[in-house]
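Here, each number is a calculation from the coordinates, and none is a lab measurement. The model shown is predicted, which means the values in this text are computed figures rather than measured ones. Cβ placement follows ideal geometry from the backbone for every residue including glycine, while neighbour counts extend to all protein chains displayed.
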């Protein structure tokens, strides 16, 4: 039987949102290439062939920008609450991992909120240490996350259930 102190009360992975999936990216790039090629044909016919090169550069820059964006989207943040620990682990797009551990009994959540926008920042504060969490989420999702994390911390403060 598993130790109740190690059983997660709350566990989530936060990843940056990308609204365009790989299929959509290929479609967008294909349409952009077709548009650039169609636009460059009249210029090449008129003898202004360098325009075609610059449109090719536009294609390469668009492709590169999306590749960088998708690479950055590989980063994530894991948040886990057990009866004895709050763990926050961040993994960068390059795979570097940093981890912070807090005792749920000494943790409080601080929110910065703008009336017209929502929750703009969420910090875990414990014994003089401050760590921003859920930065990749939008204001409403961050507020929902804060509510769920706060409930998990309250349950962790009550201690493990042995029955």
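Cα-based values for region 22-72, radius of gyration first and Dmax second, are 12.6, 42 Å. When the chain is treated as a GNM with alpha-carbon contacts under 10 Å, the residue of 29, 137, 149 showing the greatest mean-square fluctuation is 29. GNM remark for the chain: springs join alpha carbons under 10 Å apart, and the peak mean-square fluctuation among 52, 135, 75 falls on 52. Each residue, residue 76 and residue 6, gets one label point 7 Å from its Cα in the Cβ direction; the gap between the two is 2.2 nm. Within the listed set 24, 56, 128, the residue fluctuating most in the Gaussian network model of the chain (springs between alpha-carbon atoms under 10 angstrom) is 128. With 0.36 nm allotted per residue and the present C-alpha distance subtracted, the residue 49-residue 28 stretch has 5.1 nm of extension available. Structural descriptor for region 12-70: relative contact order 31 percent, calculated from alpha carbon pairs under 8 angstrom and at least 6 residues apart.
Helix 22-45: angle to the longest alpha-carbon principal axis of the chain, degrees 0 to 90, nearest 10? Here the helix axis deviates by roughly 20 degrees. Every helix of 4 or more DSSP H residues in the chain counts as -39500 (n - 2.57), and over all residues that averages to -14000 deg cm²/dmol at 222 nm. Put simply, the Cα atoms of the chain extend 81, 42, 25 Å along their principal axes, the longest span coming first.
With a cut-off of 8 Å between alpha carbons and a minimum separation of six or more residues, what is the relative contact order of the chain in percent?
24
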